[in-house]
1. Can you work out which of the residues in segment 58-89 that are of a type in the set (A, V, I, L, M, F, W, C) and open to solvent by 80 Å² or more (accessible area, probe 1.4 Å) is farthest from Gly32 (Cα to Cα)?
2. Could you check segment 16-37 and list, in sequence order, the residues that are over 23 Å from His71 (Cβ atoms) and surrounded by 12 or more Cβ atoms within 10 Å (Cβ to Cβ)?
3. For the structure I just gave you, tell me whether Ile42 is at pLDDT 80 or above, of a type in the set (Val, Ile, Thr) and open to solvent by less than 40 Å² (accessible area, probe 1.4 Å).
4. Identify, please: which residue in segment 46-57 is modelled with pLDDT under 90, open to solvent by 50 Å² or more (accessible area, probe 1.4 Å) and not hydroxyl-bearing (Ser, Thr, Tyr) and is, among those, nearest to Ser3 (Cα to Cα)?
Amino acid sequence: MKSLHNLLALLGKYQLDSSQTVCRHKSKIYYGGGSLSRCRTITNLLGMEVSTFPDRYLGVQIIPGAVKYRHISNAIDKIKNQLAVWKGKMLSFQDRIVLINSVIASYSIHNMDVYKCLINFIRQAERVIRNFL
């Protein structure tokens, strides 16, 4: 029980030092072992729900272990789908650049914030964007 109270103190220190508040009803616990009663004690103390892998957080797949291209390829699919919608429109080169910089780049950057970006991901995204231009 002492370690749980240390966890609570650490959470409190994080909130104080960062000037952020942890939203407990939106936060999750990934519990990797131990008894069911200990898991319930932790969730009750922290006021958070238990989740399992794989999971999604802000549209990014969260997985344990090393990230493979197949884990983040959904971002490439998202880019392809969005570009397909725009491809049929009469857009100037400058309009296409603006759309890529404002919309498409955010898909990639969002995944890069979570994972060290794989070179395959970068090359595939560049190829799709280049074909659109």
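1. First, the residues of segment 58-89 that are of a type in the set (A, V, I, L, M, F, W, C): 58, 60, 62-63, 66-67, 72, 75-76, 79, 83-86.
Next, only the ones that are open to solvent by 80 Å² or more (accessible area, probe 1.4 Å) stay: 58, 85.
Values: Leu58: 22, Val85: 42 Å.
Here the residue is Val85.
2. Across segment 16-37, the qualifying residues are Val22, Arg24.
3. Here the answer is yes, as Ile42 does meet what is asked.
4. Ranking the candidates gives Phe53 first.
The values are calculated or read from the model by the stated rules, or taken from the named source; none is laboratory data. Not measured: the values here are computed from a predicted model. Note: ideal-geometry Cβ built from the backbone for every residue, glycine included; neighbour counts use all protein chains shown. For the accessible areas, the whole protein counts, side chains as well, though only heavy atoms, and no ligand, DNA or RNA atoms are used. Shrake-Rupley method; radii C 1.70, N 1.55, O 1.52, S 1.80 Å.
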